[in-house]
1. With the range 31-123 as the region, which strands (runs of 3 or more DSSP E) entirely inside it contain at least 1 residues that are modelled with pLDDT of 90 or more and farther than 19 Å from residue 217 by Cβ?
2. Quick one: count up the residues across the range 124-162 that are surrounded by 15 or more Cβ atoms within 10 Å (Cβ to Cβ) and in a loop (DSSP other than H, G, I, E, B).
3. Only one of these conditions is not met by residue 42: (1) farther than 15 Å from residue 173 by Cα; (2) surrounded by 14 or more Cβ atoms within 10 Å (Cβ to Cβ); (3) over 21 Å from the mean Cα position of the chain (by Cα). Which number is it?
4. Give the residue, chosen from 105, 51, that is touching a strand residue (DSSP E or B) at 6+ places or on another chain (Cβ under 8 Å), touching a residue at least 60 places away in the same chain (Cβ under 8 Å) and crowded, with 19+ Cβ neighbours inside 10 Å.
5. For the range 65-74, check the following and say yes or no: at least one residue is in contact (Cβ under 8 Å) with a residue 24 or more places away in the chain and under 17 Å from the mean Cα position of the chain (by Cα).
């Protein structure tokens, strides 16, 4: 985990340095994220409950972003987000397994509407990257320490919102961001073709994060 923090920090510092050299934006946001995870085969736990889902709990989140303009309306950049959550096992009962901070890393392309000197600018963005679900430590019903292995998967992110500039180099932003992450595929049946033959097809499951956020911008 320490190595990941160092890498992310280095990327942000490098991006921020480039942004300041090219007259771009650095933003800090806070918000609330609604999350879901994945379902699986029912599992009978030692406490007598059946569980068939694992989900991050809806919770507070924060993020950092650096954007560099390539035209008056188009920017490219990097977004880091962290949802400070708890892993929930759900089934015949809902049980908190342990603390889990979900981390997202995305390069993005954004489009800012209106003129570059407008006081209000709506925006859209699309990004590609990864979502990290770290390992979770917990104590089972017998008092034994256990750990669920972490997972990192490919994800996209989609955002929309508005930026505002009160004057000078400081402003604000508010928006919504959707981040679907590929988790796994379950066998959904057979597909047969006269030429290719028969093969198993999968039903993909995605973990979704819907984040409503707002924060401060510094424009260089």
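The values are calculated or read from the model by the stated rules, or taken from the named source; none is laboratory data. Since the model is a prediction, treat every value here as computed from it, not as a measurement. All Cβ positions, glycine included, derive from the backbone under ideal geometry; neighbour counts span all protein chains shown.
1. Result: 50-56, 59-69, 74-91, 94-112.
2. Within the range 124-162, residues that are surrounded by 15 or more Cβ atoms within 10 Å (Cβ to Cβ) and in a loop (DSSP other than H, G, I, E, B) number 1.
3. (2)
4. The conditions single out 105.
5. Taking every residue of the range 65-74 in turn, at least one turns out to be in contact (Cβ under 8 Å) with a residue 24 or more places away in the chain and under 17 Å from the mean Cα position of the chain (by Cα).
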